[in-house]
Amino acid sequence: MGSNLDIRIGTEALARGHDRPADPCQLVGQSHGDQPLRLPGPQRVDPVGESAFALARDTQHRSRARDEHFADVAAVIALAKKKGLECNVYLEDWSNGMRHSREYVYQFLDFLKDQPVKRIMLPDTLGVLIPSEVYEYVSAIVQRYPQIHFDFHAHNDYDLGTANVLEAVKAGAKGIHLTINGMGERAGKPFRKEIDIPALFLYNKHDDDVTVAPGDVIYVNRAPLFYIYGEVQKPGAYPLQRDLTVRQAIAIGGGLTVRGTERGLRVSRRDTAGKIESHKVKLNGPLLIGDVLQVKEALF
């Protein structure tokens, strides 16, 4: 079984005349063999075994940049073939290319049809297409280039991934990219997660910083409370802060009255069976959700 080289090409950015000279027409590839694929000229080699490279050209004269871009792609494919690699070409942001610069996409495909590539992949990179557009664009390309094996790669940003894949197949795509057993972010399945907001910021729990998707419902529960009464300045119900102590609770309640005492403090607390029990507590003891703290009057 031979090794494969996937070549990722930014078709849409160059076609629209990207005005950033540092990265106007980017060519990115990955070698899946034991040795990194080394190219002449500017390159960046990943030390962990896969190689990646980027070649940028001035887009001041677009036709010149396009020809150089095509030449770069041809050079990569030729080098891969020389090293015994089969090539697939991934047209990055193909969907926006078809929307805004269809003639440029056709120019690119006119060039690629004569290259020794195995598959050309058509991605809806940003998940922006609706099913009718997928059918229109894939049909046009398949009819224009019947000899090429085209894959379609959908994204499910707006829950249209399944419908778009079906339209691509109907339009003549010979390959589709799917997930297995729900691999991928959410993968269209119901998703529920409890997020500890203070921990997210205090302990940098980045795994809980999930991306909000269209249609998500965010439920913010009522803050947990504790209650304090008796000989404090401001008895009442207060939000229970993390790791709150009895001493801190008294401070939140405004402190002791002139008749109050820190002796004999008691908390009424529900047990696991829901029964309310009264406990003596120390000043540095913790308060729990729903605790009722009693501050007694001093005996003179």
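Scanning the range 73-90 for residues that are in contact with a helix residue (DSSP H, G or I) (Cβ under 9 Å, 6 or more places away or on another chain) and not in a helix (DSSP H, G or I), we see that the one that is surrounded by the fewest Cβ atoms within 10 Å (Cβ to Cβ) is Glu86. Evaluated against (1) out of contact with any strand residue (DSSP E or B) (no Cβ under 9 Å at 6 or more places or on another chain); (2) modelled with pLDDT of 80 or more; (3) not hydroxyl-bearing (Ser, Thr, Tyr), Gly84 falls short on exactly one condition, (1). Take Val295 and tell me if it is touching a Leu at 6+ places or on another chain (Cβ under 8 Å) and touching a residue at least 60 places away in the same chain (Cβ under 8 Å). Here the answer is yes, as Val295 does meet what is asked.
Residues in the range 259-272 include at least one that is in contact with a Leu (Cβ under 6 Å, 6 or more places away or on another chain) and assigned to a strand (DSSP E or B).
For (1) more than 21 Å from the chain's Cα centre (by Cα); (2) in the same structural domain as Gly127 (by TED's automatic domain parsing); (3) modelled with pLDDT of 95 or more; (4) not β-branched (Val, Ile, Thr), each residue gets a yes or a no:
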{"residue": "Tyr145", "(1), (2), (3), (4)": "yes, yes, yes, yes"}
{"residue": "Asn156", "(1), (2), (3), (4)": "no, yes, no, yes"}
{"residue": "Asp159", "(1), (2), (3), (4)": "no, yes, no, yes"}
{"residue": "Asn164", "(1), (2), (3), (4)": "no, yes, no, yes"}
{"residue": "Glu167", "(1), (2), (3), (4)": "yes, yes, yes, yes"}
{"residue": "Arg186", "(1), (2), (3), (4)": "no, no, no, yes"}
{"residue": "Phe191", "(1), (2), (3), (4)": "no, no, no, yes"}
{"residue": "Glu194", "(1), (2), (3), (4)": "no, no, no, yes"}
{"residue": "Pro198", "(1), (2), (3), (4)": "yes, no, no, yes"}
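Tallying residues that are assigned to a strand (DSSP E or B) and either over 20 Å from Glu297 (Cα atoms) or hydroxyl-bearing (Ser, Thr, Tyr) (or both) within the range 244-258 yields 1. If you filter the range 174-184 down to residues that are surrounded by 12 or more Cβ atoms within 10 Å (Cβ to Cβ) and of a type in the set (Val, Ile, Thr), you find that the one that is modelled with the highest pLDDT is Ile176. Each residue in the range 224-241 was checked for being within 15 Å of Arg266 (Cα to Cα) and of a type in the set (A, V, I, L, M), and 2 pass. Among the residues of the range 272-285, the ones that are closer than 16 Å to Gly253 by Cα and surrounded by 14 or more Cβ atoms within 10 Å (Cβ to Cβ) come to 0 in all.
Taking the conditions exactly as written (in a loop (DSSP other than H, G, I, E, B), basic (Lys, Arg) and under 18 Å from Glu262 (Cβ atoms)), does Lys193 satisfy them or not? Criteria not met by Lys193. Of the residues making up the range 203-243, those that are in a loop (DSSP other than H, G, I, E, B), of a type in the set (Gly, Ala, Ser) and at pLDDT 80 or above number 1.
Listed here are the residues, each with its yes/no results for (1) touching a residue at least 24 places away in the same chain (Cβ under 8 Å); (2) more than 44 Å from the chain's Cα centre (by Cα); (3) assigned by TED's automatic domain parsing to the domain that holds Gly285.
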position: Gly230; (1), (2), (3): yes, yes, yes
position: Gln233; (1), (2), (3): yes, yes, yes
position: Arg247; (1), (2), (3): yes, no, yes
position: Val258; (1), (2), (3): no, yes, yes
position: Arg266; (1), (2), (3): yes, yes, yes
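Highlighted here are the strands (runs of 3 or more DSSP E) found entirely within the range 91-180 that include at least 1 residues which are aromatic (Phe, Trp, Tyr): 150-153.
The values are calculated or read from the model by the stated rules, or taken from the named source; none is laboratory data. Treat the numbers as computed from the prediction; the structure is a model and nothing was measured. So basically every Cβ, Gly included, is an ideal-geometry build from the backbone, and we count neighbours across all protein chains shown.
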